[in-house]
Every structure is written in structure tokens, then in C-alpha cells.
Amino acid sequence: MAGTILERFEAIEECYEFMLAYAAQGLLSDEGNESGRQVRAFLNRAVEALGGLSESCATALADENRERGGPLPPFLAVLDRDALDSRAAIELVLAQPAISSQLIDNLNASIHLRALLTDVFLLGEVFRMQPATGKIATA
């Protein structure tokens, strides 16, 4: 299950990296160019990855960790808020008839997206460092 979570994290990170490159191109619209087609694909993939992200993380972790309490459940609540906020911002961008480099640059600068990326980086390391028992250290 952790592999699936890491794939979600990767989709989010790849989207952000592509958006940085897209923002630097100075495009007025996503219409009629390969980068434009790709930016919508990356954004849609990120939206999919964000759906139910915190629940998927909780499921991927040993039930014992959640039952004992500790720092994990509160952090998953933070992840859920950041994922919902970021998804709303991405969906707003996707709803636009034209996606300019400036629009993507503003999305990149969104505090919501930056908070989500920090959550993903942090939790990704936690998953990668998880002991073979499948338990997350809670003390």
C-alpha cells in the first residue's frame, strides 16, 4: 500500500515540477501547443492523486499506529486540509478556458500548494523510513 501512496506523492511532485517549467515559458494560453496539453494532463493527474489522500495514507499505515494516537492522526488532518485546499486551487485553474504561464506561476506561489508539497515531502520520507514492521514511530 505504501507504494501506491508514494505513486500519489510522485504525481503531485511531478505536476509541480512541470508547472515550474510551464510558468517559465511565458505562454498566454495552453491552446495549440504541446506544453499546454501536458499542463492540463499533469494538473488532472494531481487532482486524482489528491482525492482521498489522507485516508489512503492512514490505510497504508499499520492500524496499531492510529489506535495508539500520537502525532500521526493530527498530521493526517493537516494533510487532508492542505490537499483539499490545493485541489480546489488546481480545479479553479483547470476550469479556465486558457491556462497561461502567469496563471500557473500564481498557482505555484499558492501557500496552499506549498504547504501540500511540504506535507508530501515530509510524509514521503516517513513512508520511506518506515521499519519493516510497517509501524511509524509515535514517540
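What follows draws every value from the coordinates through simple rules; no lab data is involved. Every value quoted in this text rests on a predicted model; they were computed, and no experiment measured them. Cβ atoms come from the backbone with ideal geometry, glycine included; neighbour counts cover every protein chain shown.
Couple of notes before you dig in:
- Legend: ranking of residues Met19, Met129 from fewest to most surrounding C-beta atoms inside 10 Å; resulting order Met129, Met19.
- Distribution of pairwise C-alpha distances over the stretch 1-42, 5 Å bins, in %: 5, 22, 26, 18, 12, 9, 5, 3, 0
- Per-residue Cβ neighbour rank within 10 angstrom, fewest leading, Arg45, Arg114: Arg114, Arg45
- Against the rule of thumb 2.2 N^0.38 Å, how large the Cα Rg of the stretch 2-129 comes out: 1.12
- For the stretch 1-63, GluC sites (Glu not before Pro) meeting the loop criterion (DSSP other than H, G, I, E, B) and having at most 13 other Cβ atoms within 10 Å: Glu31.
- Residues Ser54, Ser86 arranged by fewest to most Cβ contacts within 10 Å: Ser54, Ser86
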